[in-house]
Amino acid sequence: MAEMINLPDPETDWAPATSPQTEGGNPAWQCSMFRAATEPLISLALLAVELDAVARRLRLTVEESWDGHGAVRAAFFTLGGTDFVVTGHEGDPPGTYVWVRRSGPVDPAARMAVLLRALGVGTEAVTYSTWGVGTDLSRLPAAWTRPRSRPVESHQRFWEGFRTRTGMYLGRVTYEAVAAYLDGYDHACGGALLTGLREWLADTHGAGRNLVWSAQVVQITFPEGRPESPWSPDEQRQAVDGLFTLVEEFFQHLADGNVPAPSAG
């Protein structure tokens, strides 16, 4: 049985995670179990830290419910653009189980690094992880550490909404508009959404490494050649559907524990 690790007290300016946060305040923002419990989750890690200690550090409210394994205590919160769930089941070994939403980008090591940073501990707190042993957790995207005046929207939640309600974001849905919007979002969040996509498309689908990812998607979606402009509505729909399918495959690749390769541009 792993020895439990103590966490530091919350910072003096951290309000409860259920409250709107001021700049430099609590990095966690909590949502209710009843709003988030139906979301598909994937296991990330087991921490040698008591659930109540995690809740105290991040000023979370632990909610109680039950599932097929018995009574469960849990807290759902967004931190650094990722939807986290920390749980403790009745009868389970001591510690805190960490989960993330299945939808959207899931780079396990980077997400865990964000959580450990907020908890004020290092990798010694990780007793089990789904991505393997020896992963470098020291590199954090700069965009995740900047002071914020309001909670960061979950990247998973953004992707889910954009994929299913694209017209709400763009109005007229064309491939060029969808690709431009995703590219802008990715740049704004420091590459947290699509880092590694271009390399993955080249490695798994044989797309040209000298192309940007939006051109790679067109090459893969239209193997007989790019349609002449202007594209028909059917061609626009085919390209957008192809993009969404490929990005979903890429996110599943990350969810399986594969760390994305650094982007060359």
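Tabulated data
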| item | result |
| --- | --- |
| Calculated FRET value between ASP234 and SER32, using beta carbons and R₀ = 30 Å, to 0.05 | 0.10 |
| Tensor-based shape of the stretch 150-195 (alpha-carbon gyration tensor, a/c under 1.5 rounded, otherwise prolate or oblate) | oblate |
| Estimated inter-spin distance, PHE222 and TRP66, nm [label 7 Å along Cα→Cβ] | 5.8 nm |
| Proxy reagent accessibility, fewest Cβ within 10 Å first, across MET4, MET112, MET168 | MET168, MET4, MET112 |
| Prolate/oblate/rounded call for the stretch 165-255, Cα gyration tensor, a/c under 1.5 rounded | oblate |
| Gain upon complete extension [ARG163, ALA188; 0.36 nm per residue less C-alpha separation] | 7.2 nm |
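None of the figures in this text is laboratory data; all of them are computed from the coordinates on show. Everything numeric in this text was worked out from a predicted model, so none of it was measured. We place every Cβ from the backbone using ideal geometry, glycine too, and count neighbours over all the protein chains shown.
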